[in-house]
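**Q** Mind looking over this structure? Questions follow.
Derivation of every value follows stated rules applied to the coordinates shown; laboratory data play no part. Computed from a predicted model, the values in this text were never measured in an experiment. Cβ sites come from the backbone with ideal geometry, for glycine too, and all protein chains shown count toward neighbours.
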Amino acid sequence: MEPDGIKAFGMRPFIERRADPYILEKDGWYYFTASVPEFDRVILRKSRRLKDLADAVEKIVWIRHADGEMSCNIWAPEIHFIDGMWVIYFAASRGGPDGEGCYDHRTYALINRNGDPMEGVFEEAGRIDTGWESFTIDSTVTEFEGKRYFIWAQRDRNIPGNSNLYIARMKSALELALPGTRLSIPEYDWECRGFKVNEGPGCLQHGGNLYLTYSGSATDERYAVGMLTLKAGKDPLDAANWEKSPTPVLVTEEHNCLYGPGHNSFTRDEEGQDILVFHARPYPGFRGTALSDPNRHCHLRKVRYTEEGIPILKDEEELPERGV
């Protein structure tokens, strides 16, 4: 094991039974949130050192409603600090899937104006308007060249599949400058196995470029991570400026017992090293169903780069000897 233990995090769970993991580093503190197997609450952890999140006290900051909006399937929370307040974005539904197997999730926000998000109260701040009504999940925020953007997954019933990726400028933490721009739809074979899916966007900046990772296909061992690239100086709201990789950048690694890696985010360790944060199961398939199986575990892995500065997310043992 390396001294900081990060290499080992790629082989064993960092935090068990925490899916869709997100880690924010701010002012020397690390904050962790994720989906819980019961899909009934939003949780938060805090620690001084990245590795200490694994054993940090977990606080429940919000609990689902008894019925109606925000009463079912609380998915993929992310915590951000915007305009002097803490904001947690998450997706929630009224109930189960419709006759076509599609859920009715929308994206909501919680806000906390306390200096420490582990203190004070997260208040409900309503739904984020994305411009039209349909299944909406997996929202993230990034700043690129001095402007703030909101990126999310949403269904367009005129496009085959469960979800596509969209981006919009942010007027504030709670309002988007609409209409947004569609960045990607499920089109390659690896994005369409079981379900046609583009979801779980995560943002990484390196060498002036913006790399947008996302997940595709069913959430079993076929789940995988793809990547869009935006070069420095290009407008993120122009879809033509994004280059989409035709092949995934992270897939199942049987030798590491990592099946269906996906819904990733990025953070940095104390030395400034970029860290991939993702979930995976330790076996193929499901024990039960996609939602009843609780064993999507959070993993960490150091990001490496090619000589051209392109992120490498897969395990080094699976890479060719040359070109990395």
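**Q** Please compute the contact order of the stretch 14-318 in relative form: average sequence separation of alpha-carbon pairs under 8 Å and at least six residues apart, divided by the residue count, as a percent.
**A** 14
**Q** Next question. Based on other C-beta atoms within 10 Å, arrange Trp29, Trp86 from fewest to most.
**A** Least to most surrounded, the residues fall as Trp29, Trp86.
**Q** Anything over 19 Å Cα to Cα? Flag those among Lys26/Lys51; Lys234/Lys302; Lys26/Lys46; Lys231/Lys302; Lys147/Lys231; Lys26/Lys231, in the order listed.
**A** Distance filter (> 19 Å) returns Lys234/Lys302; Lys231/Lys302; Lys26/Lys231.
**Q** Find how much the distance from Arg268 to Trp29 grows on full extension, using 0.36 nm per residue of separation minus their present alpha carbon separation; answer in nm with one decimal.
**A** 84.9 nm
**Q** Determine ³J(HN,Hα), in whole Hz, for all residues of the stretch 284-289 in sequence, where each value follows from phi through the Karplus function 6.51 cos²θ - 1.76 cosθ + 1.60 and θ = phi - 60°; x replaces Gly and Pro.
**A** Values per residue, Gly and Pro as x: x, x, 10, 9, x, 10 Hz.
**Q** Quick check: Cα centre of the stretch 242-307 to Cα centre of the stretch 9-46, how many Å?
**A** Between the Cα centre of the stretch 242-307 and that of the stretch 9-46, the gap is 13 Å.
**Q** Under 5 Å between amide H atoms, partner at least 5 residues away or on a different chain: which partners does Ala224 have, H built in plane at 1.01 Å?
**A** Long-range HN contacts for Ala224: Gly216.
**Q** What list of ³J(HN,Hα) couplings, whole Hz, do you get for the stretch 74-80 from phi and the Karplus terms 6.51, -1.76, 1.60, once you set θ to phi - 60° and write x for glycine and proline?
**A** 7, 10, 6, x, 9, 9, 9
**Q** May I pose another question? Roughly speaking, what is the centre-to-centre gap between the stretch 207-223 and the stretch 49-121 when only Cα atoms are used, to the nearest Å?
**A** Here the two parts' Cα centres lie 21 Å apart.
**Q** Among Trp75, Trp152, what is the fewest-to-most ranking by other Cβ atoms within 10 Å?
**A** Starting with the residue having the fewest Cβ neighbours, the order is Trp75, Trp152.
**Q** Now, a different point. If packing is taken as the mean number of other Cβ atoms within 10 Å per residue, what is the order of 259-265, 133-139, 189-195, highest first?
**A** Packing proxy ranking, top to bottom: 259-265, 133-139, 189-195.
**Q** Here's a follow-up. Tell me the label only: which of [x] 1.01; [y] 0.92; [z] 0.97 is Cα Rg over 2.2 N^0.38 Å as calculated from this structure?
**A** [y]
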